[in-house]
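Okay, structure first, notes after.
Just so you know, all these numbers are worked out from the coordinates, no wet-lab data involved. Since we're looking at a predicted model, the values are computed, not measured. Cβ placement follows ideal geometry from the backbone for every residue including glycine, while neighbour counts extend to all protein chains displayed.
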Amino acid sequence: MNKADLVAAVQNNLDESKAGAERAVNAVVDAIKVGVKKDKSVQVVGFGTFSIRKRAARMGRNPQTGEAIKIKASKSVAFKPSKTFKDMV
């Protein structure tokens, strides 16, 4: 399912116009982005939790040359599904 499919599903579920459904989907996605950036975590009960995870610096290898390279520390967004969501899938 891509974003267009999600918008169509919201549109059918809410009997809303396509533009209204797209605004609703965009509002939810934007709220999650802002929440993760501000609070470091967004929990949607019954769905899951979006949070920031830190990755430590590490050594890696260039696959073309085999040369050892240093990979910098970074941050990434992780999703942990809720128990009810896991059980459903």
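Can you give me the number of residues within region 45-89 that are without any contact (Cβ under 8 Å) to a residue 24 or more places away in the chain and outside any loop (DSSP other than H, G, I, E, B)?
16
How about region 54-78: which of its residues are within 26 Å of Val34 (Cβ to Cβ) and surrounded by 11 or more Cβ atoms within 10 Å (Cβ to Cβ)?
Arg55, Val77, Ala78
Assess whether Val25 counts as being part of a helix (DSSP H, G or I) and not polar (S, T, N, Q).
Against the criterion (part of a helix (DSSP H, G or I) and not polar (S, T, N, Q)), Val25 qualifies.
Given Val10, Val29, which one is within 21 Å of Pro81 (Cβ to Cβ), surrounded by 14 or more Cβ atoms within 10 Å (Cβ to Cβ) and without any contact (Cβ under 8 Å) to a residue 40 or more places away in the chain?
Val10
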